[in-house]
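Peer 1: Before I ask anything, let me first share the structure, which is written out below as structure tokens.
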Amino acid sequence: MITVFRYALRRYRGQIIGWGLAMFALGFYLVPFYDTFAAQQEQLLDLLKSFPPQLTAFFGDMNTMFTPNGYLTIEYFSYMPLIIGVFAVVAGSGLLANDEENGTLDLVLAHPISRTALFTGRLLAFVVATLGILLIGWLGLVLPMGSSKLLNIGWAEMALPFLSLLGVLLLFGALALALSMVLPSRRLAASIAGLVLVASFFITGLARISEDLQGVAKLTPLHYYQSGDAINGLNAGWLVGLLVVAAIFAGLAGWRFERRDIRIAGEGGWRLSLRRRKATV
Amino acid sequence: MTNSIVMMAQGLTKSYGSVQALRGVNLEVRRGEIFGFLGPNGAGKTTTIRCLLDLIRPNGGTLRVLDLDPQADPVAVRARTGYLPGELRLDDNMKVEGALRYFNDLRGGKADWNFVRHIAERIDLDLKPAIKNLSKGNKQKVGLVQALMHRPELLLLDEPTSGLDPLIQQEVLGLIADARSGGATVFFSSHILSEVQEIAERVAIIRRGQIVEVAETASLINRALRRVSVRFEQPVDSQALAALPGVKLLKQSDGTSVLMQVEGKMDGLIKALAAFPVSDFETEHPSLEEIFLAYYESDRTEAK
């Protein structure tokens, strides 16, 4: 399992660096900018009042946007699940199905390694890669903290919204993984998980201005994402809830992977699957 | 299963939806032999081999590999087996040596790296290039090295020479023969009959998910069709020969020479020829291709 983990993590290197550096650069830009932003709050408030509430709702409470936490929520944490969610969904759906579809899994699984060990090793690599991306992102916010006179958040407090984000990312990654184990193609699994992510983002945002949607919003994972509010205190119940659901999806995926046939190269879609099977038996 | 039987399948069935890939496969492979598994594309060769490694699960029947049940103990079976897939795909982002080290790591670093270099050298495989820059033939060589490098007891090779040029095919067959000399049992599938004829001691022919014949390669060749050419000192009426059971007249010229196809025993033909003034008599062993076609021909006739 250690070999599987090591090699899987190595394959995430590029993504960890790419996604991590993007988050790092954004944080590094936003923190020093806060002082200027806060100094111009009257003009900015006038400008924001002209925006429709349906638009501003997605970014949190505009009344608090000039507080350090509100600023980071609106400018950074509010949309981060949607952005890094792309990584989680693509990585989750491709954790096993990618190699299965390109035909390399057949030979890997012909080696003395159990399906459970392969699954666990790769899942752990995905978790560590996600943690790595968030760690680099977190550094992007805490390292330039001294460059702002007004924005002064402790390193530990700043880690809390990242923990909340981690819960969301693991949940969507595990959902995509579970779907990839039951659907005929990785792409379909990624599309459905991505759709759930986007729908969750919009429902949660619109529920802030429409009471009718608040009931539905409670059923979406992003309702339990604290965004920048976590700086004031992490809702451990929500985080545990996200992680438990992620674990359930991962468990279902592992259960399914243990029992199913390993497809060989090209057995992708429904129609293609039947044609290829006839050709390769 | 006795100790001399390395692999055994009984009544093995497997279906993909409405497609029945295996319809009760029965097979026994003995320790130390090279066993050819013949059949056209789509006959069930790949499906059988993938069941042996627990990559797919059969719907019914019994399987024993190296005295183990592959479904109950897949890791132990794979640890003692070397496998070359029919459609070999390797990670394009790795280099040849990196890929081989990865496979070796998955086996707990069991391979002797000097031996790996020795096999690679023997089949002229450079370990430095990236996989993505390799030709199909060179990728197949990587596949072979990974299958052989830990000196497995059982080699499962699915169409090992598929897509290779004749020179590399010979190298591959040489490696397979060497592995057997080193004590390995080799089970290899092919639809190229001449290569099976060259190295396999026993052959199973699979058709539409069923084994239609298991035989010693030599006896398969001996007992089936023969081509007989006879030259006479003076013109004869060859119709009398054509009327013999199992004899088919293929060609005759001015009554002094005939070419015949004889199925089964030669005794009747020899006795009939004794009545004629024979000046020359030649018989050819059929190729496995012809035997193979004969099986399919008879099957088709039965189906009608």
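The values are calculated or read from the model by the stated rules, or taken from the named source; none is laboratory data. For clarity, every value in this text was computed on a predicted model and none was experimentally measured. Cβ coordinates were reconstructed from backbone atoms using ideal geometry, including for glycine residues, and neighbour counts include every protein chain displayed.
Peer 1: Need a quick list: strands (runs of 3 or more DSSP E) entirely within segment B:175-249 having at least 3 residues that are not assigned by TED's automatic domain parsing to the domain that holds B:ARG117.
Peer 2: Hits in segment B:175-249: B:225-232.
Peer 1: Applying the selection to segment B:250-263, what residues are surrounded by fewer than 14 Cβ atoms within 10 Å (Cβ to Cβ) and either assigned to a loop (DSSP other than H, G, I, E, B) or touching a strand residue (DSSP E or B) at 6+ places or on another chain (Cβ under 6 Å) (or both)?
Peer 2: Of everything in segment B:250-263, those that are surrounded by fewer than 14 Cβ atoms within 10 Å (Cβ to Cβ) and either assigned to a loop (DSSP other than H, G, I, E, B) or touching a strand residue (DSSP E or B) at 6+ places or on another chain (Cβ under 6 Å) (or both) turn out to be B:LEU250, B:LYS251, B:ASP254, B:GLY255.
Peer 1: Consider B:ALA43 against the criteria (1) crowded, with 19+ Cβ neighbours inside 10 Å; (2) under 30 Å from A:ALA117 (Cα atoms); (3) out of contact with any helix residue (DSSP H, G or I) (no Cβ under 9 Å at 6 or more places or on another chain): it satisfies all of them except one. Which criterion is unmet?
Peer 2: (2)
Peer 1: For segment B:1-114, give me every one of the strands (runs of 3 or more DSSP E) that falls completely inside it and has 1 or more residues that are within 12 Å of chain A (Cβ to nearest Cβ) and free of Cβ contacts under 8 Å to residues at least 40 places away in the same chain.
Peer 2: Fully inside segment B:1-114 and qualifying: B:5-16, B:19-30.
Peer 1: Would you point out the residue of segment B:115-148, among those that are part of a loop (DSSP other than H, G, I, E, B) and out of contact with any strand residue (DSSP E or B) (no Cβ under 8 Å at 6 or more places or on another chain), that is surrounded by the most Cβ atoms within 10 Å (Cβ to Cβ)?
Peer 2: The residue in question is B:LEU125.
Peer 1: Please report, ordered by residue number, the helices (runs of 4 or more DSSP H) entirely within segment A:1-114 with at least 3 residues that are away from every other protein chain (no Cβ under 14 Å), surrounded by fewer than 16 Cβ atoms within 10 Å (Cβ to Cβ) and modelled with pLDDT of 85 or more.
Peer 2: Ranges flagged: A:13-39.
Peer 1: Answer with yes or no whether B:SER219 is under 31 Å from the mean Cα position of the chain (by Cα), loosely packed, with under 15 Cβ neighbours inside 10 Å and hydroxyl-bearing (Ser, Thr, Tyr).
Peer 2: yes
Peer 1: Further question on the same structure: Collect the residues in segment A:128-156 that are of a type in the set (Val, Ile, Thr) and surrounded by 17 or more Cβ atoms within 10 Å (Cβ to Cβ), keeping them in residue-number order.
Peer 2: A:THR130, A:ILE133, A:ILE136, A:VAL142, A:ILE153
Peer 1: Please specify each residue of segment B:36-70 satisfying the condition of being over 20 Å from B:VAL196 (Cβ atoms), of a type in the set (Val, Ile, Thr) and in contact with a Leu (Cβ under 8 Å, 6 or more places away or on another chain).
Peer 2: Within segment B:36-70, B:THR62, B:VAL65 meet the criteria.
Peer 1: Which of the residues belonging to segment A:145-156 are over 14 Å from A:TYR71 (Cβ atoms) and touching a residue at least 12 places away in the same chain (Cβ under 8 Å)?
Peer 2: A:SER147, A:TRP155
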